[in-house]
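Notes to accompany the following structure.
The values are calculated or read from the model by the stated rules, or taken from the named source; none is laboratory data. Note that the structure is predicted; figures quoted are calculated from it, not measured. Here the Cβ positions follow ideal geometry from the backbone for every residue, glycine too, while neighbour counts run over all protein chains shown.
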Amino acid sequence: MTMVALGDVLVKHHAVRRRVVNGDIFLIKLTDLCRLDEFSNSAWKLINGKWSIFEIANHLGPRFPSMAQHEVIEKTVLCLSEYLNLGYVLSPSDALDNKSEVYKALTVSKYLGSVMQVFYSQPGIWQKSISESFKEKLTVRFFRILYEMYESEISDKPIESETEFRNRIAGKTIFNIDDTVSDLKNKYDIKGWRHDVDTHSIVIQYRGTVYSGDVDNRL
Amino acid sequence: MNESIGGVHHDEILDLIRNQVTEGTPVWIAGSLVEGIGNDSSDIDVYMVVEDLNTIKEFVTDGCRFKIQIHYFKSRRVDVEIWSYESIDRLASKIDSLQVDNAENSFLDALDENEIDFAHRIFNCRVVRNTDAYADIVDRFDRVKINRYLFENKRIYIDDSFDDTVGMLNSGNISGAIRRSQETLEFSIDLLLYSKGWTNPKNKHRFKILEAIYESDIDAREVYLDYWSFMHNLPINKYDKRDYVNTALHLSEKMVEKAYCLRREAV
């Protein structure tokens, strides 16, 4: 039996799904079934392609307080070794990539860019004449100013992180760019914005004020 | 006050079936327009219940347990689905007997499309005639059980398409794997909606529902962006396509886990 080492990082095999059937928990790889106990189920949930076996064991410890730390480590190693031998997990280098975060970042950037295009002082120019990296910096700068206004004004509900704020706007733009733009216009009174490639700057006109600054400022 | 749906007044709808209803006939209007997810092309779905289906002589579809008439009024199609009390009773008993806690493959599609539509719409409608008789009919149906059926049925769909995707990926049928992985993801979104108590069974309304709850539901928001981010980034390179399929399976599992968590909390 192949044993894993404490420093190993593992990822779940793409063919494996976890299902609860009549209260019992199984890992299923096509026709192979593996029934899980509470410990192996908790261990499975902690496999994320980032944490080492040791880190997984450290997270499992508090969940099983009746076990001594060395027992938790020993059991974690045995459990993950078994998963490895069954082909339920593998090393990151052998696994297919999970690109969900990459796809999301690309999509959010694209849709936030489309919102910015609407507010641009000279329609059409922004899409044609700016490098992707500069465009990304302008997008971050633009939406950070909006986020700072949002953050200072919100009081009645849990505050979103900047990423959640950007994602919410991007997602809504996918199905309704008109409403999204109009909502931002009403909330933040954005009149327009422009950029200057030579001075590496962005100028935004909103709420009777004009912000002008280097795009790298406060990134 | 005479309410309207899709530009047609309730009285005008009743006029279309005036010669088939009596004082005691329950009539209700349902469908996407009533649920606020329809559009200019959506039809109006009218349900009425009679003692004897054989008395209905004009119809375009005879589904044995029901008959369907189609009318056109003010540029709107109006479908009238007529059920008998007996067939409704049989449907209610059929749903009562479903073993939703032990949903094996034999459970798959135990209810057909018309039965699911009827069961969903009876809880999502506007009653326009004989509220008391309608209330008696609704009492025969267990909304929670219908929701559980939809959840478990969809879970079987997901497992089936998940395994298909893996099989296609492993055998090099990458185009097939991509298409099936998209379906797996779509079914997983349905499962998440069912875990939140939704019972609309129509695939075509999936995204309209997500959009309707986008601002108020953080899970719906996340799923919406994940799905469209996946759809917008189909790669060209064959190795990237394998990662693309893997990403769909990963997202699907994330949604399924979330759905099970929500369902556990609800129980």
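Go through segment A:66-81 and give me each residue that's part of a helix (DSSP H, G or I) and surrounded by fewer than 18 Cβ atoms within 10 Å (Cβ to Cβ).
A:Gln69, A:His70, A:Glu71, A:Glu74, A:Lys75, A:Leu78, listed by residue number.
Select from segment B:36-78 the residues that are part of a strand (DSSP E or B) and farther than 24 Å from B:Leu111 by Cβ and list them in ascending order.
B:His71, B:Tyr72, B:Phe73, B:Arg76, B:Arg77, B:Val78
Within segment B:201-219, is there a residue that is modelled with pLDDT of 95 or more, within 26 Å of A:Phe26 (Cα to Cα) and touching a Ser or Thr at 6+ places or on another chain (Cβ under 8 Å)?
No, there is no match, as no residue in segment B:201-219 is modelled with pLDDT of 95 or more, within 26 Å of A:Phe26 (Cα to Cα) and touching a Ser or Thr at 6+ places or on another chain (Cβ under 8 Å).
Has segment B:46-66 got any residue that is of a type in the set (S, T, N, Q), surrounded by 15 or more Cβ atoms within 10 Å (Cβ to Cβ) and under 21 Å from the mean Cα position of the chain (by Cα)? Working first, answer last.
We begin by selecting, within segment B:46-66, every residue of a type in the set (S, T, N, Q); these are B:54-55, B:61.
Within this subset, residues satisfying the condition of being surrounded by 15 or more Cβ atoms within 10 Å (Cβ to Cβ) are none.
There is no residue in segment B:46-66 that is of a type in the set (S, T, N, Q), surrounded by 15 or more Cβ atoms within 10 Å (Cβ to Cβ) and under 21 Å from the mean Cα position of the chain (by Cα).
Before we move on, is A:Leu33 within 30 Å of B:Asn233 (Cα to Cα) and within 14 Å of another protein chain (Cβ to nearest Cβ)?
When the stated conditions are applied, A:Leu33 does not pass them.
Return the residues of segment B:222-256 that are touching a Leu at 6+ places or on another chain (Cβ under 7 Å), of a type in the set (A, V, I, L, M), more than 8 Å from every other protein chain (Cβ to nearest Cβ) and farther than 15 Å from A:Gly171 by Cα; say none if nothing qualifies.
Passing the criteria: B:Ala248, B:Met255.
If you take just the helices (runs of 4 or more DSSP H) that sit entirely in segment B:108-221, which of them hold at least 3 residues that are more than 12 Å from chain A (Cβ to nearest Cβ) and farther than 30 Å from A:Asn167 by Cα?
B:113-121, B:131-139, B:143-170
How many of the residues making up segment A:16-49 are part of a loop (DSSP other than H, G, I, E, B) and under 28 Å from the mean Cα position of the chain (by Cα)?
Looking only at that region, the number is 3.
Which helices (runs of 4 or more DSSP H) sit wholly inside segment A:84-189 and have at least 2 residues that are within 12 Å of chain B (Cβ to nearest Cβ) and surrounded by 15 or more Cβ atoms within 10 Å (Cβ to Cβ)?
A:100-119, A:162-175
Can you report the number of residues in segment B:117-148 which are among the small types (Gly, Ala, Ser) and more than 20 Å from B:Pro201 (Cα to Cα)?
2
Just wondering, is there one or more residues in segment A:50-65 that are within 14 Å of chain B (Cβ to nearest Cβ), crowded, with 18+ Cβ neighbours inside 10 Å, in contact (Cβ under 8 Å) with a residue 24 or more places away in the chain and under 27 Å from the mean Cα position of the chain (by Cα)?
Scanning segment A:50-65 turns up no residue that is within 14 Å of chain B (Cβ to nearest Cβ), crowded, with 18+ Cβ neighbours inside 10 Å, in contact (Cβ under 8 Å) with a residue 24 or more places away in the chain and under 27 Å from the mean Cα position of the chain (by Cα).
Using beta carbons and a limit of 8 Å, which pairs, at least six apart or on different chains, have the first residue in segment B:192-212 and farther than 11 Å from B:Tyr224 by Cβ and the second one part of a helix (DSSP H, G or I) and polar (S, T, N, Q)?
Pairs that qualify, where the first residue is farther than 11 Å from B:Tyr224 by Cβ and the partner is part of a helix (DSSP H, G or I) and polar (S, T, N, Q), are B:Tyr194/B:Asn147; B:Gly197/B:Asn147; B:Trp198/B:Asn147; B:Thr199/B:Asn147.
Output the number of the condition that B:Val80 fails; it satisfies all remaining conditions of (1) within 13 Å of chain A (Cβ to nearest Cβ); (2) more than 16 Å from the chain's Cα centre (by Cα).
(1)
With B:Leu191, B:Leu210, B:Leu249, B:Leu234 as the choices, which residue is aliphatic (A, V, I, L, M), touching a helix residue (DSSP H, G or I) at 6+ places or on another chain (Cβ under 7 Å) and surrounded by fewer than 21 Cβ atoms within 10 Å (Cβ to Cβ)?
Details: B:Leu191 fails: surrounded by fewer than 21 Cβ atoms within 10 Å (Cβ to Cβ); B:Leu210 fails: surrounded by fewer than 21 Cβ atoms within 10 Å (Cβ to Cβ); B:Leu249 fails: surrounded by fewer than 21 Cβ atoms within 10 Å (Cβ to Cβ).
Just a single option satisfies the conditions, and that option is B:Leu234.
Quick check: anything in segment A:1-14 under 27 Å from B:Glu152 (Cβ atoms) and β-branched (Val, Ile, Thr)? Can you show your working first?
Filtering segment A:1-14 down to residues under 27 Å from B:Glu152 (Cβ atoms) leaves A:12-14.
Going one step further and asking which of them are β-branched (Val, Ile, Thr), we end up with none.
No, segment A:1-14 contains no residue that is under 27 Å from B:Glu152 (Cβ atoms) and β-branched (Val, Ile, Thr).
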